[in-house]
Structures are given as structure tokens and as C-alpha cells.
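One structure below.
The values are calculated or read from the model by the stated rules, or taken from the named source; none is laboratory data. It should be emphasised that the depicted structure is a prediction, and the values quoted were computed from it without experimental measurement. Every residue, glycine among them, receives a Cβ derived from its backbone with ideal geometry; neighbour counts consider all protein chains shown.
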Amino acid sequence: MTVTSGAVRSRTDLCGAIENELTGLIGKRASAATAYGPSFARLWALAGRNVLGGKFVRPLLLMETFDALQQRSSTGNSEPGHRETAISIAAAIELLHYAFLLHDDVIDGDLVRRGHPNLIGSLLAEAGELPRPDGALHWAQTGGILMGDMLLAATHQSFARADLPHELRLRLLDLLEHTINETVAGEQLDVGLGDGVVAPDLDTILVMCGYKTATYTFELPLRAAAALAGADFAVETALATAGRHLGLAFQLQDDLLSTFGDPRRHGKDPFSDLREGKETAIIAHARTTSTWPHIEPLFGRPGLNGEDGEHVRRHLTECGAEAFVQGLIEEQLAAFNHQLTSTIPAGARNVLLDLAGQLEGRQS
């Protein structure tokens, strides 16, 4: 999709405004953290470096949708001052995103994200050798949990202190609580699937993907944008439904990239999902085929790598799992496009269509 120079300038301005807000949110807390010693302050320094290096997918979605909706607010109850508040909420959602990533990295035992050490990996490298054999890892993972907790608290503070009418502030707080509940439920399902506590059927896996990814990556920014712009509830609901379909498509695409993509492009260990035994739609389909006995002995093996890893990937392609999940993505995109009716104003539709266009040819 071709982006005009004006759109580029607008997105650049938005990124700058979001980054300035995040710098303030993190800087204030990093300054206060020095009172508790260098180790505590280091958590905020590392968090700031990682948060400010993100793509800002969620805050940009909120702000671009907000700007599009505010031009044609159906109720006329949006106030100009809400745009500054929208930037604050958008930045807080990026903090929420990073909090979830930190907890996810602890649960999955990951030390790298996008080809670089994550916060846990950085703490582990800095810890050096400790008296206890596993002391450094325990210290680093504890830092990830605690930093995630603090970012959740910071997110709530931003929502609770938003300069908004009381009812609108409560609406946003309800959205935040709903989002956290669904994301945590999705994470629990994900772990339950991986540990064999939950049966790995396709429907459960798709529900998990919706809870864990679509809710906070797409639904929360879209609903928040609609509420802040004063749009009708029907518009908010239509946006959320479209966002859920798009979110599922993005998550399924992530699973394809993690298993079949080029690690030089997406920056992730090419066999980490297979080594971890992650239950994805790819694996759910493979289980139903005659090829599964060739995959099962290696799936979830801690040392999976090299030829064995390529063996699993080859069989997943040959059994039709790759094509099957590509078909699921196409189904979700069709449902997404069907949702883009006149209920959603043209400007907001264009924002969503631009985002959907990024799925085509995506490599990271």
C-alpha cells in the first residue's frame, strides 16, 4: 500500500508525541527509583531502552483511529483537549504491551527478543557468576516479573489520572480491566496447552489467540479510540469485531513466521516454538494427519535444532499444516473485510485497511 508523504509526516509526528509521553512516564519513575538503589534503578533504565525501541503498533492504531473518528464524531461530545489525553492513553497501552512481554518472557524462558537480549537477558549477562548455580537466572527472571508488575501499575495510573469526564474515565478503566483479564486468561490457556493440562484442539487454540493477542493489540486501542472520540457504541463494537478478526490473522501469521519464516528477518530462534512444544494451529492440524508420528517424537524436544528441526518443518509443510493455517488467515481477513460496513466511518476503515495491508508480504 502506497503511503503519501503527508501520511508519513503525520505518523512521524505521532511517533514523536508518543515517544515524548513515554519518556516522561518512564523518566519520572526512573528518577524516583534511584532512592531504592542502583539495582532497582537499573530495571527502569533497561525497561526504558526497550519500550522506546518498539514499533508503537498499538498506540499508533489508537491515535490514527481517534483522529479519523474525531473528524466525523456522530455524537459531537468529543472535546479538543481529549487528543492530548488520547496520546497519554496510547502511551500507557505501550507500557501495558511491554509488561505482558516481560511476563511472557519469564514464562517461556526467553532471553532474546528481535535478535537482541531482552531485559532478562541483559540482567543475566550483567549478573555474572553468583554463588548459587542458578542464582543469576533467578535474579534476572525476578527482575522481569517485578518490572512487569510495576508497568502494570503505571498503566493503571495513567488511565485513572486521565483528564476526562468521570463516566468516560470509568469506561476506559473497565476496558483496561477487561483487557488484562482476557490477556491473562489467554496466557494461562497457552501454558495449559503447552504443558498438556488443556486439550490441544483447534478451537481452544484459536480462543487462546483471541484472548492473548487480539484483545489488547487490536480491540483495546480501537475501543479506546472510539470512546475518546465520542463515537457511537455501534461504531465501537464494529471496530472491535473487525479488530478481533485482524488480530487473529496477525497471530496466525506470527505462528507461520516463527515456524517457517526467515530468522534473519524476524529475529527469532527458528525452532523455538517447536522446541518449546508450543501448541499452535499449525500443530493442531498436523496432529490430525498421518504425518504426525514422524513429527511427535521431536516436537517439544529441548535440544531440537539443525537437521531435526528442518525435518519437523519439512513434514509440517508436507502434511498441509502450513497451507491450512494460511487458509485460516484468509478466512479471518475475509471476515474482517465483511465487517467494514458503513457503520465504521470511511477514515477509520482506511486505518484498518492500511493495517491489514501490512499483513501481505510480512516477514517480521
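Residues 135, 144, 115: which one is free of Cβ contacts under 8 Å to residues at least 24 places away in the same chain and closer than 25 Å to residue 302 by Cα?
Step by step, each of 135, 144, 115 is checked, and only 135 is free of Cβ contacts under 8 Å to residues at least 24 places away in the same chain and closer than 25 Å to residue 302 by Cα.
Quick one: in the stretch 300-315, which of the residues that are in contact (Cβ under 8 Å) with a residue 24 or more places away in the chain and not small (Gly, Ala, Ser) is nearest to residue 289 (Cα to Cα)? Can you show your working first?
Here is the first cut: in the stretch 300-315, the ones in contact (Cβ under 8 Å) with a residue 24 or more places away in the chain are 300-305, 309, 312-313, 315.
Restricting the remaining residues to those that are not small (Gly, Ala, Ser) gives 301-302, 304-305, 312-313, 315.
Values: 301: 20, 302: 24, 304: 22, 305: 23, 312: 14, 313: 15, 315: 10 Å.
Selected residue: 315.
Within the set of pairs 6 or more residues apart or between chains, which connect a residue that is in contact (Cβ under 8 Å) with a residue 12 or more places away in the chain and at negative phi inside the stretch 167-190 to a residue that is part of a helix (DSSP H, G or I) and small (Gly, Ala, Ser) with Cβ atoms less than 7 Å apart?
Listed by first residue and then by second, the contacts come to 168/227; 171/227; 172/224; 172/227; 173/160; 175/224.
Where residues in the stretch 297-312 are more than 19 Å from residue 202 (Cα to Cα) and in contact with a helix residue (DSSP H, G or I) (Cβ under 7 Å, 6 or more places away or on another chain), which of them is surrounded by the most Cβ atoms within 10 Å (Cβ to Cβ)?
Across the stretch 297-312, the extreme among qualifying residues is 312.
Check residue 197 against each of (1) in a loop (DSSP other than H, G, I, E, B); (2) in contact (Cβ under 8 Å) with a residue 24 or more places away in the chain and name the one condition it does not meet.
Only one criterion is unmet by residue 197, namely (2).
Report the residue count in the stretch 50-73 for those that are in a helix (DSSP H, G or I), crowded, with 22+ Cβ neighbours inside 10 Å and of a type in the set (A, V, I, L, M, F, W, C).
The number of residues fulfilling the criteria is 6.
Looking for whichever is touching a helix residue (DSSP H, G or I) at 6+ places or on another chain (Cβ under 6 Å), charged (D, E, K, R) and modelled with pLDDT of 95 or more here; the options are 182, 177. Which one fits?
Values: 177 fails: touching a helix residue (DSSP H, G or I) at 6+ places or on another chain (Cβ under 6 Å).
Of the residues listed, the single one that is touching a helix residue (DSSP H, G or I) at 6+ places or on another chain (Cβ under 6 Å), charged (D, E, K, R) and modelled with pLDDT of 95 or more is 182.
Scan the stretch 227-249 and report the pairs whose first residue is in a helix (DSSP H, G or I) and whose second residue is surrounded by fewer than 21 Cβ atoms within 10 Å (Cβ to Cβ) and charged (D, E, K, R), with Cβ atoms within less than 8 Å and a gap of 6+ or a chain change.
Listed pairs, sorted by first residue: 227/171.
Only one of these is surrounded by fewer than 20 Cβ atoms within 10 Å (Cβ to Cβ) and over 28 Å from residue 230 (Cβ atoms): 17, 125, 47, 99. Name it.
125
Can we say residue 162 is modelled with pLDDT of 95 or more, touching a helix residue (DSSP H, G or I) at 6+ places or on another chain (Cβ under 8 Å) and not in a loop (DSSP other than H, G, I, E, B)? Break it down into steps so the answer makes sense when it comes.
Working: modelled with pLDDT of 95 or more: yes; touching a helix residue (DSSP H, G or I) at 6+ places or on another chain (Cβ under 8 Å): yes; not in a loop (DSSP other than H, G, I, E, B): no.
Answer is no for this residue.
Are any residues in the stretch 316-359 within 16 Å of residue 236 (Cβ to Cβ) and hydrophobic (A, V, I, L, M, F, W, C), and if so, which ones?
Those that are within 16 Å of residue 236 (Cβ to Cβ) and hydrophobic (A, V, I, L, M, F, W, C): 340, 344, 348, 351, 352.
Please name all residue pairs, on different chains or six or more residues apart, with Cβ atoms under 7 Å, provided the first residue is in the stretch 262-280 and is closer than 14 Å to residue 310 by Cβ and of a type in the set (A, V, I, L, M, F, W, C) and the second residue is at pLDDT 85 or above and outside any helix (DSSP H, G or I).
Listed by first residue and then by second, the contacts come to 271/304; 271/305; 274/299; 274/304.
Could you grab me the full set of residues in the stretch 259-274 that are modelled with pLDDT of 90 or more and either in contact with a Cys (Cβ under 9 Å, 6 or more places away or on another chain) or surrounded by fewer than 21 Cβ atoms within 10 Å (Cβ to Cβ) (or both)?
Selection gives 260 alone.
Can you tell me which residues in the stretch 315-356 are among the aromatic types (Phe, Trp, Tyr) and surrounded by fewer than 20 Cβ atoms within 10 Å (Cβ to Cβ)?
Listed by number, the list holds a single entry, 324.
Can you tell me which residue in the stretch 165-215 is surrounded by the fewest Cβ atoms within 10 Å (Cβ to Cβ), limited to those that are closer than 16 Å to residue 101 by Cα and polar (S, T, N, Q)?
181
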